[in-house]
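Please treat every number below as a calculation from the coordinates, not as lab data. Keep in mind it's a predicted model, so treat the numbers as computed, not measured. FYI the Cβ positions are ideal-geometry reconstructions off the backbone, even for glycines, and counts take in every protein chain you see.
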Amino acid sequence: MPRLERDAPLPHEMQGHWVAVDDPSAYLMVEGGHITCFGHAVEYDYKEIDQVDGALTVSLMINNEAEEDTFARANITGFVLTPQGEFCVYNVKFVTQFVRLEPEQT
């Protein structure tokens, strides 16, 4: 997996505004390499993008090894877009499925 710096955009398929399936008040916004989730900007240093069994995955990481556990508990750390079109965001404590917010809903 190539390492991409923070300013590199996430995959085109993940760009845009999303809402959580189980809580429409929870949103995710992906604009280039900038991510806002649950009302907070996600601070990360780099990302790795891969395809695994047809799923598009993004892993978010930091450069400070001593802070990795804290980062993994306080931030989203990954995205998965399944071949069936399900889009999930996760960290070590949770996983949430999001659906694209239609333009007329913004």
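Points to keep in mind about this one:
- 222 nm mean residue ellipticity, helices alone, for the chain (DSSP H n ≥ 4; -39,500 (n - 2.57); rounded to 500): -1500 deg cm²/dmol
- Sites matching trypsin sites (Lys or Arg not before Pro) across region 22-106 that sit in DSSP coil, with at most 11 neighbouring C-beta atoms within 10 Å: Lys93
- Each residue of region 84-89 was assigned a 3J(HN,Hα) from its phi angle through the Karplus curve 6.51 cos²θ - 1.76 cosθ + 1.60 (θ = phi - 60°); the sequence is 7, x, 6, 10, 10, 10 Hz, with glycine and proline shown as x.
- Region 1-77: relative contact order in percent, alpha carbon pairs under 8 Å with at least 6 residues between: 25
- The Cα center of region 1-36 and the Cα center of region 47-106 differ in position by 8 Å.
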